[in-house]
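The values are calculated or read from the model by the stated rules, or taken from the named source; none is laboratory data. Note that the structure is a prediction, hence the values are computed from the model and not measured. Virtual Cβ from ideal backbone geometry, glycine too; neighbours counted across all protein chains shown.
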Amino acid sequence: MKSKRVLSMILICVLIVVGTIPTYAATTQEKIDNARAARNKMRTSLDETKNKIENLESKKGESELYLSELNTQLEDLKNSLIQLQEDEEKKQAELEVVQEELDAARAEEERQYEDMKLRIQFMYEKSSSNYLVMLFSASDFTDFLNRADNISQISEYDRNMLKNYQETKDLIKEKEEQVQEEKEAIAVLKDESAQKQVEVELVMDSTNEQIDEYKADIENAESEEVALLNKISNQESAINGLIAQAKAEEEAAAKARAEAAAAKAAAAQQQASASQSSSSGGEAASSSKPAKKQSAEVTSTPEATSTPEATSAPAESSGQGTYLGNFRLTAYCSCSRCCGKWSGGPTASGVMPSAGRTVAMGGVPFGTKLRINGTVYTVEDRGTGYGHVDIFFSSHSAALSFGSQSADVYQVN
């Protein structure tokens with residue numbers, strides 16, 4: 001009776017232990033799922049942040065190009081303004097010369113006017129009959145013709161002088177008006193050029209402010225990107241820790257089940273031995289069936305527990321190496337878009353990258369060998385946190401085709 005009570009207590013304890021272990025495993029798996037969901041959400045935010053940075057960089061580049069064009073335009077305006085200033089000074093000098101010529105013409109006009117007044121006064125005072133007296137008082141016909149010719153030349157001279165005076169006066173006046181118009185046109189161009197220069201300078205100031213805003217936004221987005229990368233790295237580490245914890249709980253559950261089975265078998269064996277020692281020959285014969293049943297139960301228990309033990313075997317037993325966890329996989333190449341100012345150069349470890357060999361990941365030493373999907377890579381570069389493996393490819397198109405994946409990662413060395 002005492003043996004049966006002890007056996008019952010052992011069985012109850014075993015059932016309690018075995019019954020509570022799956023609860024822990026389920027809780028750990030739930031934590032893993034939640035952590036992965038949070039990580040995926042962070043990755044989405046990271047992609048959005050990267051797109052935001054690319055858009056801001058594109059807009060900043062366009063603004064810088066526009067600013068360069070404005071600088072060229074402003075320089076042209078300054079040169080044009082200098083040329084207009086020189087032209088205006090030339091026109092002013094030309095106008096001064098024309099005005100001097102006009103003053104000389106006016107002086108000549110006054111002189112001619114005085115001469116003409118004297119001749120007109122003489123003509124009125126002497127009257128036209130004097131010309132007839134002069135003509136008919138000639139000594140001979142030749143003298144008559146000479147006097148007539150002199151009178152005609154005097155009249156023609158007066159007409160020519162008057163005509164020349166009018167033409168000279170009109171020409172100088174016209175030239176003065178032309179120079180004055182050109183000077184005024186240059187002044188208008190100067191005002192327009194100066195106004196355009198002010199407008200361009202205002203646009204340049206506005207563009208510079210816009211570029212500064214883009215730079216500030218890019219710096220904020222890059223800080224956000226770094227923060228997200230750190231969070232994702234920490235989340236990956238947490239996920240790997242939870243996966244390791246789940247595996248440990250699996251092994252502990254399998255071990256507990258094996259111990260429970262062993263305890264159950266030992267209790268059954270103890271009960272059978274106690275029954276055999278306390279019963280008689282006839283009773284022993286009748287009790288052999290329960291003993292045989294207990295033996296069958298014992299033999300069936302290891303078979304039931306063998307499967308969990310086999311599934312919980314560590315990754316090292318398969319020859320792949322030390323299991324590190326299910327990591328995120330991305331791809332990059334040596335182009336400027338992937339590597340920026342380090343494009344075309346060596347990796348952080350100092351060696352040139354090679355497709356099929358080089359990967360980047362933090363948290364482990366350079367030279368660490370990682371087995372990923374059957375291929376052994378070497379950690380030769382940085383740029384990602386622990387739990388995020390960036391695989392090197394020979395071209396940007398191949399890296400884009402690889403995209404973002406996840407896989408179990410093993411440390412070979």
Considering each residue of segment 170-191, count those that are surrounded by fewer than 13 Cβ atoms within 10 Å (Cβ to Cβ) and more than 19 Å from GLN99 (Cα to Cα), and give that number.
2
Tabulated pairs, segment 353-370, first farther than 11 Å from PHE393 by Cβ, second of a type in the set (Lys, Arg) and part of a loop (DSSP other than H, G, I, E, B), C-beta under 6 angstrom, 6+ apart or interchain:
ALA360/ARG382; GLY362/ARG382
Does segment 236-250 contain any residue that is within 18 Å of the chain's Cα centre (by Cα), in the same structural domain as ALA35 (by TED's automatic domain parsing), β-branched (Val, Ile, Thr) and assigned to a helix (DSSP H, G or I)?
no
Meets criteria (part of a helix (DSSP H, G or I), modelled with pLDDT under 80 and surrounded by 15 or more Cβ atoms within 10 Å (Cβ to Cβ)) for TYR165:
yes
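Out of ALA399, ALA348, I need the residue that is closer than 29 Å to ALA35 by Cβ, within 26 Å of the chain's Cα centre (by Cα) and assigned to a loop (DSSP other than H, G, I, E, B). Which one?
ALA348
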Against the definition (over 18 Å from GLY241 (Cα atoms) and not assigned by TED's automatic domain parsing to the domain that holds LYS231), how does ARG328 come out, yes or no?
no
Flag if LYS264 is charged (D, E, K, R) and within 49 Å of the chain's Cα centre (by Cα)
no
Considering segment 336-350 alone, what residues qualify as being over 26 Å from GLU57 (Cβ atoms) and surrounded by 15 or more Cβ atoms within 10 Å (Cβ to Cβ)?
SER349
Lone unmet requirement of (1) closer than 25 Å to LEU228 by Cα; (2) within 30 Å of the chain's Cα centre (by Cα) for ILE372:
(2)
Residue satisfying condition, being of a type in the set (A, V, I, L, M, F, W, C) and touching a Ser or Thr at 6+ places or on another chain (Cβ under 8 Å), within set PHE402, PHE393:
PHE402
Cβ pairs under 9 Å, 6+ apart, first in segment 218-233 and farther than 16 Å from TYR386 by Cα, second of a type in the set (Asp, Glu)
ILE218/GLU57
Sort out which residues of segment 371-383 are touching a residue at least 24 places away in the same chain (Cβ under 8 Å) and within 16 Å of TYR323 (Cβ to Cβ), and write them in order of number.
ARG371, ILE372, ASN373, VAL376
Do we find that ASN208 is out of contact with any helix residue (DSSP H, G or I) (no Cβ under 8 Å at 6 or more places or on another chain), part of a helix (DSSP H, G or I), touching a residue at least 40 places away in the same chain (Cβ under 8 Å) and not acidic (Asp, Glu) in this structure?
no
Looking at the structure I just gave you, is LEU65 surrounded by 14 or more Cβ atoms within 10 Å (Cβ to Cβ) and modelled with pLDDT of 75 or more?
no
Output the residues belonging to segment 361-396 that are among the hydroxyl-bearing types (Ser, Thr, Tyr) and in a loop (DSSP other than H, G, I, E, B).
THR368, THR384, TYR386, SER394, SER395
